Amino acid sequence: MKSHGILMSGEMVRAWLAGLKSQTRRTRGLDVVNEHPDDWRLENINPKFFHAVFQQISELTRVIIRPPYGVVGDELWFKETWKMWEREGDGRDFIHYRADDAKVDPTWWTEKDWKEINSSYFGKWHSSMMMPRRFGRIAVTVTGVRVERLRDITEKDALAEGMGIFAIGDWMGGPIGTYFMLWDKLNGKKMPASQNPWVWVYEFQERKLTS
């Protein structure tokens, strides 16, 4: 089993904590086919080597792309916005997570981890991109990996993406429409939902809060 850090927005961390998220869609590694996504078709995903094989429709070009966050059985740990929170008493501190304002005692840390804490961890929020593994509180196990076009998402899949955390009735289009709105909020500048990019679909089951 390999471990892979994966960025999660605050909305999606809250959806997982609410027991509503068991899928995520990502375009990482698919830049070549997403320059003109309509020009490509997916031939297969090699079950032995876990490669996605794409064929360019009008030419003989073929590309083979590996899943960016591992394969079935691997671990995904969520990278989220964080900082350290000083507490009085025993001299040890909390990790403070912005998504749900939780202050978590990192009971999984070793003495070595505690000794590596420095003052820069306190006071300001740190980007999820820069989160070290030992600060990650959520780890899940990959149960499925596939490739599809973004707009092939079903209502069931949209709910598995965590859309049930929102007041669906307040949005036009239900879970799918809500998902596309969130997608464009996070990815719209580079790859809007209207472009219908190819995406990796990762399915996962709850494994643990690291704490």
Worksheet item: Within segment 129-165, which residues are under 27 Å from PRO192 (Cα atoms), touching a residue at least 24 places away in the same chain (Cβ under 8 Å) and in a loop (DSSP other than H, G, I, E, B)?
Response: MET131, ILE153, GLY162
Fill in: All strands (runs of 3 or more DSSP E) inside segment 1-92 with 3 or more residues being over 22 Å from ILE165 (Cβ atoms) and of a type outside the set (Lys, Arg)
3-7, 40-45, 52-56, 62-65
Response to the item:
Given the conditions (1) among the small types (Gly, Ala, Ser); (2) loosely packed, with under 15 Cβ neighbours inside 10 Å; (3) modelled with pLDDT of 85 or more, every one holds for ALA52 apart from (2)
Item to complete: Could you list all residues from segment 1-28 that are touching a Gly at 6+ places or on another chain (Cβ under 6 Å) and within 24 Å of TRP198 (Cα to Cα)?
Response: HIS4, MET12, ALA15, LEU20, LYS21
Response to the item:
Within segment 95-113, restricting to residues that are more than 24 Å from the chain's Cα centre (by Cα) and not in a loop (DSSP other than H, G, I, E, B), the one that is surrounded by the most Cβ atoms within 10 Å (Cβ to Cβ) is ASP113
Worksheet item: Within segment 151-168, is there a residue that is buried (at least 19 other Cβ atoms within 10 Å of the Cβ) and acidic (Asp, Glu)?
Response: yes
Discussion item. Checking MET12 against (1) in the same structural domain as VAL147 (by TED's automatic domain parsing); (2) surrounded by fewer than 18 Cβ atoms within 10 Å (Cβ to Cβ); (3) at pLDDT below 95: exactly one of these is not met. Which one?
Written reply: (2)
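The values are calculated or read from the model by the stated rules, or taken from the named source; none is laboratory data. Note that the structure is a prediction, hence the values are computed from the model and not measured. So basically every Cβ, Gly included, is an ideal-geometry build from the backbone, and we count neighbours across all protein chains shown.
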